[in-house]
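A.B. asks: Before we start, here is the structure in question, set down as structure tokens.
The values are calculated or read from the model by the stated rules, or taken from the named source; none is laboratory data. These numbers were taken from a predicted model, which means no experiment stands behind them. We place every Cβ from the backbone using ideal geometry, glycine too, and count neighbours over all the protein chains shown.
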Amino acid sequence: MPLDRRLNAFRDDLADKALDGLVNAARFVEGGPARVGLPVVGLRAKPDAAAGIDTELLLGEAVTVFDRAGGWAWVKAGSDGYVGYLPETALSVDAPAPTHHVIVPRTFVYPGADLRFPVAATLSMGSRIAVTGEAETRGTRYFLLADGRAVVANHCLPLGIYATDDFVAIASRFLETPYLWGGRSGFGIDCSGLVQLALQMTGRTAPRDSDMQAAGLGAEIAREELRRGDLVFWKGHAGIMADEHTLLHANGHTMTVALEGFEAAVERIGWLYQYPTGYRRPVL
């Protein structure tokens, strides 16, 4: 079986040293560590800004860098192993190790500890930040970052601590978020990105794409067993059961994250993606 290029870093001229003996390449390298230094950045299959994004990486997430050329970096994401290209300017090699993560769909970064300051950046749920101190202004508590900027403290928790273990509740917080092919943030998200991010924000791991999730995420179940928190897969699509009769999914029909009657969704989706290919229950 050929190796999946989405999860294995190999080209004719260069490959991950871990693949030595498995693929042919002119040379093999171990790669070096870096972190994402922008709020969100697209990861592409080619070093070309005109190429569509496969997925997105968020501020503070770790990557392994195998190559830098022409303003692009070829990387492997630490969170899910996805391989692709992102602009070199999106990377930081000397950023302090993150201590906290953002637990709300979106939050603002301010130049200092005051919500009246002009917004300096906007972060998505799942972003990772390095907190160096705290401050309070007019009763609002802020976390201070290494560069002196600030975020609202109750929008964040220490890494490894999660607001809830209910990933359906997390996914529901993205209702009406715009659909974005390859999206994985509070600014725009796709079907499998919603599944992955919601699970990650409860401390669980999940593959990135719907075919990967359908192949091995959790345990396979029968349609008659569907309940809240189960996953439904089509060829090229994934959704979360909000309850026994309702599907929660990021979809190209409404172009949002939306709730839809499950049986109605099956009929509507059927003309394009056929009928569901499988049902799975995440390990909770």
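A.B. asks: Please specify each residue of segment 128-185 satisfying the condition of being without any contact (Cβ under 8 Å) to a residue 24 or more places away in the chain and in contact with a helix residue (DSSP H, G or I) (Cβ under 7 Å, 6 or more places away or on another chain).
C.D. replies: Residues satisfying the conditions are Glu134, Arg141.
A.B. asks: Could I ask something else about it? For segment 257-275, enumerate the residues that are in contact (Cβ under 8 Å) with a residue 60 or more places away in the chain and closer than 18 Å to Ser210 by Cβ.
C.D. replies: Residues satisfying the conditions are Val257, Ala258.
A.B. asks: Right, another one. Can you confirm whether Pro2 is at pLDDT below 95 and closer than 22 Å to Asp209 by Cβ?
C.D. replies: yes
A.B. asks: With the condition kept exactly as written, say whether any residue in segment 1-9 is part of a strand (DSSP E or B) and aliphatic (A, V, I, L, M).
C.D. replies: no
A.B. asks: With the structure loaded, tell me whether Thr164 is hydroxyl-bearing (Ser, Thr, Tyr) and within 25 Å of Gly203 (Cβ to Cβ) or whether it fails that test. Outline the logic, then answer.
C.D. replies: On the way: hydroxyl-bearing (Ser, Thr, Tyr): yes; within 25 Å of Gly203 (Cβ to Cβ): yes.
Taking the combined requirement at face value, the residue satisfies it.
A.B. asks: Take segment 242-256 and flag every residue that is under 21 Å from Met212 (Cα atoms) and in contact (Cβ under 8 Å) with a residue 60 or more places away in the chain.
C.D. replies: Once the filter is applied, which keeps residues that are under 21 Å from Met212 (Cα atoms) and in contact (Cβ under 8 Å) with a residue 60 or more places away in the chain, segment 242-256 yields Leu248, Ala250, Asn251, Gly252.
A.B. asks: Moving on to the next point. Test of understanding: among Ala25, Ala9, which residue is out of contact with any His (no Cβ under 8 Å at 6 or more places or on another chain), of a type outside the set (Val, Ile, Thr), under 27 Å from Ser127 (Cα atoms) and surrounded by 15 or more Cβ atoms within 10 Å (Cβ to Cβ)?
C.D. replies: Going through Ala25, Ala9 in turn, just one is out of contact with any His (no Cβ under 8 Å at 6 or more places or on another chain), of a type outside the set (Val, Ile, Thr), under 27 Å from Ser127 (Cα atoms) and surrounded by 15 or more Cβ atoms within 10 Å (Cβ to Cβ): Ala9.
A.B. asks: Continuing with the same structure: Across segment 119-168, which residue is surrounded by the most Cβ atoms within 10 Å (Cβ to Cβ) among those that are in contact with a Leu (Cβ under 7 Å, 6 or more places away or on another chain) and hydroxyl-bearing (Ser, Thr, Tyr)?
C.D. replies: Ser127
A.B. asks: Go through segment 212-244 residue by residue and tally those that are of a type in the set (D, E, K, R) and either crowded, with 17+ Cβ neighbours inside 10 Å or at positive phi (or both).
C.D. replies: Result for segment 212-244: 1.
A.B. asks: Here's another thing I want to ask about it. Could you check, for segment 38-45, whether at least one of its residues is touching a helix residue (DSSP H, G or I) at 6+ places or on another chain (Cβ under 9 Å) and within 30 Å of Arg138 (Cα to Cα)?
C.D. replies: yes
A.B. asks: Can I ask one more? Among the residues of segment 78-92, are any aliphatic (A, V, I, L, M), at pLDDT 95 or above and surrounded by fewer than 20 Cβ atoms within 10 Å (Cβ to Cβ)?
C.D. replies: Looking through segment 78-92, none of the residues is aliphatic (A, V, I, L, M), at pLDDT 95 or above and surrounded by fewer than 20 Cβ atoms within 10 Å (Cβ to Cβ).
A.B. asks: Among strands (runs of 3 or more DSSP E) lying entirely in segment 92-209, which contain 2 or more residues that are among the aromatic types (Phe, Trp, Tyr) and in contact with a strand residue (DSSP E or B) (Cβ under 9 Å, 6 or more places away or on another chain)?
C.D. replies: Working: elements: 100-102, 106-110, 121-124, 131-137, 140-145, 150-152, 156-158.
Fully inside segment 92-209 and qualifying: 106-110, 140-145.
A.B. asks: Restricting to segment 45-91, name every residue that is in contact (Cβ under 8 Å) with a residue 60 or more places away in the chain, assigned to a loop (DSSP other than H, G, I, E, B) and at negative phi.
C.D. replies: Result: Gly52, Leu59, Glu61, Ser79, Asp80, Tyr82.
A.B. asks: Let me ask something else. Find the residue count for segment 16-31, including only residues that are part of a strand (DSSP E or B) and either among the acidic types (Asp, Glu) or more than 21 Å from Tyr82 (Cβ to Cβ) (or both).
C.D. replies: 2
A.B. asks: Inspect segment 110-123 for any residue being free of Cβ contacts under 8 Å to residues at least 40 places away in the same chain, under 17 Å from Leu38 (Cα atoms) and in contact with a Lys or Arg (Cβ under 7 Å, 6 or more places away or on another chain) and give the result as yes or no.
C.D. replies: yes
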